[in-house]
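Here is the structure we will look at, set down as structure tokens.
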């Protein structure tokens, strides 16, 4: 019996503008989503674009869009609850790890 949590289906947003956007949870990472952006314009050099972003990146983008677009725009409400998004553990970069090892007085020589 499969006890995996059910995943939400894709969300499609069709606006009157030149783009349509579909969003689906990534099948490989529950913290990531795929954004499918399709141009409705024949003059656009890119007709289809797929982006994979974490839930926090999507939430931050939503805040930026709402801050930069006029309040008269019809932006849909983001279906993600920021409080329910798990925090991504911070990782040191490989460069900082190397510096830490080199600067450590107990490092083996």
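Does any residue of the range 87-100 turn out to be under 18 Å from residue 22 (Cβ atoms), at pLDDT below 80 and in contact with a strand residue (DSSP E or B) (Cβ under 9 Å, 6 or more places away or on another chain)? Explain how you work it out, then say what you get.
Step one: list which residues in the range 87-100 are under 18 Å from residue 22 (Cβ atoms), which gives none.
No.
Please go through the range 35-60 and pick out each residue that is at pLDDT 80 or above and farther than 16 Å from residue 24 by Cα.
Residues of the range 35-60 that are at pLDDT 80 or above, as a first pass: 53-60.
Residue satisfying the conditions is 60 alone.
With 7, 31 as the choices, which residue is at pLDDT below 65 and surrounded by 11 or more Cβ atoms within 10 Å (Cβ to Cβ)?
Values: 31 fails: at pLDDT below 65.
Exactly one of 7, 31 is at pLDDT below 65 and surrounded by 11 or more Cβ atoms within 10 Å (Cβ to Cβ), namely 7.
Residues of the range 61-77 being modelled with pLDDT of 80 or more and under 15 Å from residue 23 (Cα atoms), which ones?
Hits for the range 61-77 are 61, 62.
I need every pair where a residue in the range 75-89 that is part of a helix (DSSP H, G or I) has its Cβ under 9 Å from the Cβ of a residue that is modelled with pLDDT of 80 or more, sequence separation at least 6 or different chains.
Listed by first residue and then by second, the contacts come to 82/55; 82/56; 82/59; 84/55.
The values are calculated or read from the model by the stated rules, or taken from the named source; none is laboratory data. Predicted model only: the values in this text are computed from it and were never measured. Note that each Cβ is placed from the backbone with ideal geometry, even for glycine, and that neighbours are counted across all protein chains shown.
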